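A.B. asks: What follows is a single structure, and I will ask about it in a moment.
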Amino acid sequence: LVDETEVEVFSVPSYACQRRTTLDNHNNVLAHALSLLAENAELEDEDGRGVAFRRAAAVLKALPKPVTSMMQLRGLPCLGDHCLRVIKDILETGTSSEVEATKQSERYKALKVLTGIFGVGAKTAARWIRDGIHTLQQLRDSGHTLNRAQQAGLEHYEDLHQQVTKAEADTIGEIVERAVVSVLPGAQVVLTGGFRRGKLTGHDVDFLITHPVEGREEGLMPKVVSWLESQGFLLYQKTTRNSYLESNDGPARPASNIDRFERCLSIFKLIKEDKHETKQLGKLSENGLETPEDTCSSLTHVQTDPNPATPSCAKGQIHSGEDTGHRLWRAVRVDLVVSPISQFAFALLGWTGSKLFERELRRWAGYEKAMSLSSHALYDNNQSRYLRATSEEEIFAHLGLEYIPPSERNA
Ligand code: GTP
Ligand code: MN
Ligand code: MN
């Protein structure tokens, strides 16, 4: 018999941005179960419920030991009745009936497949399901009009569902760096997102680009995209201004009348670094990376295709090697962001993640400090002024938070 007074009761701060959350944790099974319920809520376009489950999962990830008894959870933040029921179920029976039922449900499966297409969100998926579409094949057969992103997403579905390795991320980093310094010498590229937090794989690769002289970065993104396109590295790209969450976050973006194109969602054509191929391409590879066109032409002696996104190149047998069973390239999702140096620290913090960590930083700023934080700036509502920062450490200090390094932002 366990004396109740001997049970170790856990305690963690309320906001994920006050906690150190590493990639490894002591409660993977519980956190994973709650994350699945979060995902399901998000798939149902119920973001409020989704965040509640994400916060609960993050609390479990931050605990110093495995949970063995419900009593240990007394007084922990973010664990509502629903979450406690799920945890209790798993502690007592080894699984959660709700999680298992969700995984088996046809609706969850269909929503997951359809939103798994790049360019398809929860609302679109729900609409298609109402039209009786549950699978990729049914979507292809339906004759529904797809936008450009969705067409690319469907075409590269399998590739985009293969995890990207750190080695692939580094190869893409070299290409992006070459593009950036070619069009603007002195510009700098930083790997952000999950890889900056120490993840070994990711669903995409995220880069932040800046130049040490304020203003030099203006107009950079279209030039970088043109360079990459001219070298045949892009299967898809959409360049936009970054308007993510700015509208409901108050004046967190300094006034600017220059409509900057600062964000590019893309799909890269990455040449696979297969030993066999490297041998064949040894000569070409010596002086750095060969472009997709170089590779295609040198291997097959066919005319190069100026546009890699045309069907002949993207799907053709020569390029895909479908008849021989292995292709020489794969599609990889890549996000590029350009920031002026004055906003760089905010952009770096905002694009490093995790998504929940970012959300909690903004919630902390708003509720606890009367400040609004974005990936452009930090505004102090009490002082009615922007707070400058040239490093992430300074931003944490402005927010009255202990500095948390990227590897401990895996909430
Ligand atoms: P994986 O890619 O799955 O490995 O994880 P990740 O953490 O890198 O996720 P993701 O690439 O989706 O996002 C990286 C960071 O960019 C996260 O902190 C997001 O909050 C942030 N992010 C994503 N989309 C936007 C956006 O539109 N604007 C801004 N400012 N940030 C974004
Ligand atoms: Mn990412
Ligand atoms: Mn991303």
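The values are calculated or read from the model by the stated rules, or taken from the named source; none is laboratory data. Bear in mind that the values here come from a model prediction, so they are computed numbers and not experimental data. Virtual Cβ from ideal backbone geometry, glycine too; neighbours counted across all protein chains shown. SASA here: full protein model, heavy atoms, side chains in, ligands and nucleic acids out. Shrake-Rupley method; radii C 1.70, N 1.55, O 1.52, S 1.80 Å.
A.B. asks: Looking at Leu200, Leu208, Leu191, which is the one that is within 16 Å of ligand 2 (Cβ to nearest atom), modelled with pLDDT of 95 or more and open to solvent by 60 Å² or more (accessible area, probe 1.4 Å)?
C.D. replies: The unique qualifying residue is Leu200.
A.B. asks: Further question: Residue pairs, Cβ under 8 Å, 6 or more apart or interchain, first in segment 332-361 and touching a residue at least 24 places away in the same chain (Cβ under 8 Å) and more than 14 Å from ligand 2 (Cβ to nearest atom), second assigned to a strand (DSSP E or B) and of a type outside the set (A, V, I, L, M). List them.
C.D. replies: As it stands, the answer is Val338/Thr210; Val338/Arg263; Ser339/Thr210; Pro340/Thr210; Ile341/Thr210; Phe344/Thr210; Ala347/Thr210, since those pairs meet every condition given.
A.B. asks: All but one of (1) out of contact with any helix residue (DSSP H, G or I) (no Cβ under 8 Å at 6 or more places or on another chain); (2) open to solvent by less than 20 Å² (accessible area, probe 1.4 Å); (3) not small (Gly, Ala, Ser) hold for Phe53, so report the exception by its number.
C.D. replies: Going through (1) out of contact with any helix residue (DSSP H, G or I) (no Cβ under 8 Å at 6 or more places or on another chain); (2) open to solvent by less than 20 Å² (accessible area, probe 1.4 Å); (3) not small (Gly, Ala, Ser) one by one, Phe53 breaks only (1).
A.B. asks: Could you say whether any residue in segment 194-212 is in contact with a Ser or Thr (Cβ under 6 Å, 6 or more places away or on another chain) and away from ligand 1 (no atom under 16 Å from the Cβ)?
C.D. replies: Looking for residues that are in contact with a Ser or Thr (Cβ under 6 Å, 6 or more places away or on another chain) and away from ligand 1 (no atom under 16 Å from the Cβ), one finds none in segment 194-212, hence no.
A.B. asks: Which one of these is touching a strand residue (DSSP E or B) at 6+ places or on another chain (Cβ under 8 Å) and either at pLDDT 95 or above or among the hydroxyl-bearing types (Ser, Thr, Tyr) (or both): Ala16, Ala58, Ala33, Ala38?
C.D. replies: Ala58
A.B. asks: Moving on. Of the conditions (1) in a helix (DSSP H, G or I); (2) more than 21 Å from Arg197 (Cβ to Cβ), Ala58 fails just one. Which one is it?
C.D. replies: (2)
A.B. asks: Continuing with this model, one more query. Being out of contact with any helix residue (DSSP H, G or I) (no Cβ under 7 Å at 6 or more places or on another chain), modelled with pLDDT under 95 and among the aliphatic types (A, V, I, L, M) is the requirement here; does Leu1 meet it?
C.D. replies: The answer is yes for Leu1.
A.B. asks: Restricting segment 193-240 to residues that are assigned to a loop (DSSP other than H, G, I, E, B) and among the acidic types (Asp, Glu), which is nearest to Arg330 (Cα to Cα)?
C.D. replies: The residue in question is Asp204.
A.B. asks: Might you check whether a residue that is loosely packed, with under 13 Cβ neighbours inside 10 Å, closer than 26 Å to Leu265 by Cβ and within 25 Å of the chain's Cα centre (by Cα) occurs anywhere in segment 102-125?
C.D. replies: yes
A.B. asks: Moving on to the next point. Is there any pair with a first residue in segment 60-73 that is in contact (Cβ under 8 Å) with a residue 60 or more places away in the chain and a second that is of a type in the set (Lys, Arg) and open to solvent by 50 Å² or more (accessible area, probe 1.4 Å) whose Cβ atoms are under 8 Å apart and which are 6 or more apart or on different chains, and what are they?
C.D. replies: Taking only residues 6 or more apart or on different chains, the pairs are Ala62/Arg20.
A.B. asks: Quick check on segment 174-186: of everything there that is closer than 23 Å to Pro340 by Cβ and open to solvent by 10 Å² or more (accessible area, probe 1.4 Å), which residue is nearest to ligand 2 (Cβ to nearest atom)?
C.D. replies: That would be Glu177.
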